Amino acid sequence: MSKCLICKTEIAPFMSFGKMPIANGFLPPEQFKDEPFFKLDAAFCDNCKMAQLTELVDRDKMFHENYAFYSSTSAGMAEHFKEFAKLVKSSYLPKKKPFVVEIGSNDGILLRHFASAAINYLGIEPSANVAKAAGDNGINTVCEFFEEKSAARIAAEHGKADAFLGANVMCHIPYIHSVLNGIDALLKPEGVVIFEDPYLGDILEKTSYDQIYDEHAFYFAARSVSYLFERHGFELADVMPQDVHGGSMRYVLARKGTRKVSDAVPALLKKEEALGIGRPDTYERFRTNVEASRTELVKLLKEMQQAKKSVAGYAATSKSTTVLNYCGIGPDLVEYISDTTPIKQGKYSPGMHIPIRPYDDFKEKYPDYALLFGWNHAREIMEKERDFRRAGGKWIVYVPRVQVL
Ligand code: SAH
Ligand code: TMP
Ligand code: ZN
């Protein structure tokens, strides 16, 4: 039995995905023989209602100087973060000399909007290559992991923050109590925490099991986030659904009693109750749906193979590592994966070792079918790839269900 990362209650996995490689561990052939694997098991805590992983990968194995994910590879996300910054500036910062801190600031996709508005800010990003990309763009970034220890030092060096921001990072941090202690040390008494992550409600509803991988230690919902922060003297003050990353939730938190709680909070808690987010049988159903999705996807790809149709993957997302390894999809079924990120190109997908090729390869010779691993960017990608459709190409998607479009 494992213990819940939040409340220490004993928990048992509702689902095991089997052995998995590092989701962002794209690698050259000479590293195949030393490739690390771990057990990917997801559990739900009946006490505090947090969905989480039970086996964790050491953070230094995931976030380092060769981190493969650069935030600015999606134009849609750049637009999303521009709006995020606009909201923070207009509604959450004091007039006088505000100071904004962001963790997991990556290549500076959000912070650049504070820099250009001459607002005092600091990024905290442990993956050296993406932190350097931010630095090269003139974005103030310290390269380290945020936690209680670093928070005290940052507060002493830079002063206390009015706003503490995070996007797709809080759910990456299993030592979350240390982060919350850090926030407590770094945030001014009236300060606000605003963060967003893929939303558990969407994952369950859409069977988007590919959100489950090593980096995602938690699958948040209003219920569990509220419980976690309350333990540290904070209160969930607002929630705002976002349509990015297949359905995300933005959470606004402040010290208890310092901010009016929006009606959206009790409304979402009620909705989560109806959705069964707090009930074990919901996770059993999810597992059944995941297994059915795997069966259908593999069946479809085998049919393509028999019909001698070419299939290429589109976007070597971290999510794709779960799908490929869980379904056992290798280069025999998906010839290559096209991706625009230079650090991934020429390497192979973790575990199943499908070649990652530059986007030009896709453009120059369209496959018969493109398996959309970047389904969270579907609108942006399908718009960009109108010619692929015109040339007779078809999309294969698997969220919310397996289908050919
Ligand atoms: N915010 C960006 C990047 C998300 S990827 C976006 O939404 O696109 C997650 C990022 O969090 C990675 O760049 C990783 O290096 C960083 N990270 C992981 N653990 C962290 C920690 N303890 N403190 C700060 N950043 C962390
Ligand atoms: P994400 O789903 O974790 O945001 O990862 C996005 C990946 O998809 C990243 O490796 C870049 C790639 N990508 C493309 O190859 N083409 C595109 O048009 C987009 C939007 C992303
Ligand atoms: Zn718990």
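The values are calculated or read from the model by the stated rules, or taken from the named source; none is laboratory data. Remember, it's a predicted structure, so these values are computed and weren't measured experimentally. A quick note on method: Cβ atoms are made from the backbone with ideal geometry, for glycine too, and the neighbour counts reach across all protein chains shown.
State all residues of region 359-405 that are of a type in the set (Phe, Trp, Tyr), assigned to a loop (DSSP other than H, G, I, E, B) and within 22 Å of the chain's Cα centre (by Cα); if no residue qualifies, say none.
Within region 359-405, 373, 398 qualify.
If the condition is being buried (at least 23 other Cβ atoms within 10 Å of the Cβ) and in contact (Cβ under 8 Å) with a residue 60 or more places away in the chain, then region 98-125 contributes 100, 101, 102, 103, 104. Contact map, region 345-360: first residue among the basic types (Lys, Arg), second residue in a strand (DSSP E or B), Cβ cut-off under 9 Å, separation 6 or more or different chains; pairs are 347/27; 347/355; 347/356; 357/312; 357/337; 357/338; 357/339. Please determine whether any residue of region 17-25 is within 16 Å of ligand 3 (Cβ to nearest atom) and at pLDDT 95 or above. No, because not a single residue in region 17-25 is within 16 Å of ligand 3 (Cβ to nearest atom) and at pLDDT 95 or above.
Pairing residues of region 193-206 that are in contact (Cβ under 8 Å) with a residue 60 or more places away in the chain and in the same structural domain as residue 164 (by TED's automatic domain parsing) with residues that are outside any strand (DSSP E or B) and basic (Lys, Arg), at Cβ distances under 6 Å and at least 6 apart in sequence or on separate chains, gives no pairs at all. Which count do you get for residues in region 86-116 that are over 19 Å from the mean Cα position of the chain (by Cα) and either within 16 Å of ligand 2 (Cβ to nearest atom) or not hydroxyl-bearing (Ser, Thr, Tyr) (or both)? So the answer is 17. Considering only residues in region 235-265 that are farther than 23 Å from residue 71 by Cβ and basic (Lys, Arg), the one that is surrounded by the fewest Cβ atoms within 10 Å (Cβ to Cβ) turns out to be 260.
Within region 157-179, how many residues are away from ligand 1 (no atom under 12 Å from the Cβ) and either within 19 Å of the chain's Cα centre (by Cα) or farther than 30 Å from residue 95 by Cβ (or both)? Spell out how you get there, then give the answer.
The initial filter retains those residues of region 157-179 that are away from ligand 1 (no atom under 12 Å from the Cβ), namely 157-163, 177.
Subset that is either within 19 Å of the chain's Cα centre (by Cα) or farther than 30 Å from residue 95 by Cβ (or both): 177.
Matching residues across region 157-179 total 1.
Please verify whether residue 119 is under 28 Å from residue 221 (Cβ atoms), away from ligand 2 (no atom under 16 Å from the Cβ) and among the β-branched types (Val, Ile, Thr), treating the condition exactly as stated. Taking the combined requirement at face value, the residue does not satisfy it. Mind checking which residues of region 155-175 are out of contact with any strand residue (DSSP E or B) (no Cβ under 7 Å at 6 or more places or on another chain) and part of a helix (DSSP H, G or I)? Within region 155-175, 155, 156, 157, 172 qualify.
Within region 332-362, take every residue that is hydrophobic (A, V, I, L, M, F, W, C) and in contact with a Leu (Cβ under 8 Å, 6 or more places away or on another chain) and give me the one that is farthest from residue 310 (Cα to Cα). Even if it seems obvious, please write down each step before you answer.
Of region 332-362, the ones hydrophobic (A, V, I, L, M, F, W, C) are 333-334, 337, 343, 352, 354, 356, 362.
Still in the running and in contact with a Leu (Cβ under 8 Å, 6 or more places away or on another chain): 333-334, 352, 354.
On the way: 333: 9, 334: 8, 352: 18, 354: 14 Å.
Within region 332-362, the match that is farthest from residue 310 (Cα to Cα) is 352.
Rundown of residues vs (1) over 26 Å from residue 206 (Cβ atoms); (2) surrounded by fewer than 21 Cβ atoms within 10 Å (Cβ to Cβ), yes/no style:
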{"site": "315", "(1), (2)": "no, no"}
{"site": "330", "(1), (2)": "no, yes"}
{"site": "337", "(1), (2)": "no, no"}
{"site": "354", "(1), (2)": "no, no"}
{"site": "357", "(1), (2)": "yes, yes"}
{"site": "377", "(1), (2)": "no, no"}
{"site": "383", "(1), (2)": "no, yes"}
{"site": "387", "(1), (2)": "yes, yes"}
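Among the residues of region 255-271, count how many are of a type outside the set (Lys, Arg) and farther than 16 Å from residue 222 by Cβ. It would help to see each step written out before you state the result.
Initially, region 255-271 is screened for residues of a type outside the set (Lys, Arg), giving 257-258, 261-269.
In the following step, the residues that additionally are farther than 16 Å from residue 222 by Cβ were identified as 257-258.
Of the residues in that region, 2 qualify.
When the helices (runs of 4 or more DSSP H) confined to region 37-153 are screened for residues that are over 30 Å from residue 352 (Cβ atoms) and at pLDDT 95 or above, those reaching at least 3 such residues are found at 75-91, 112-115, 128-136. Being closer than 17 Å to residue 405 by Cα, assigned to a helix (DSSP H, G or I) and touching a residue at least 40 places away in the same chain (Cβ under 8 Å): is that true of residue 301 here? So residue 301 passes the test.
Working carefully through the options 310, 349, 293, find the one that is closer than 22 Å to residue 71 by Cα and modelled with pLDDT of 95 or more.
Numbers: 310 fails: closer than 22 Å to residue 71 by Cα; 293 fails: closer than 22 Å to residue 71 by Cα.
Going through 310, 349, 293 in turn, just one is closer than 22 Å to residue 71 by Cα and modelled with pLDDT of 95 or more: 349.
A count restricted to region 141-169 and to residues that are buried (at least 17 other Cβ atoms within 10 Å of the Cβ) and touching a Gly at 6+ places or on another chain (Cβ under 8 Å) stands at 15. Only one residue in 2, 90 is under 30 Å from residue 230 (Cα atoms) and either among the basic types (Lys, Arg) or away from ligand 3 (no atom under 16 Å from the Cβ) (or both), so which one is that? The conditions single out 90.
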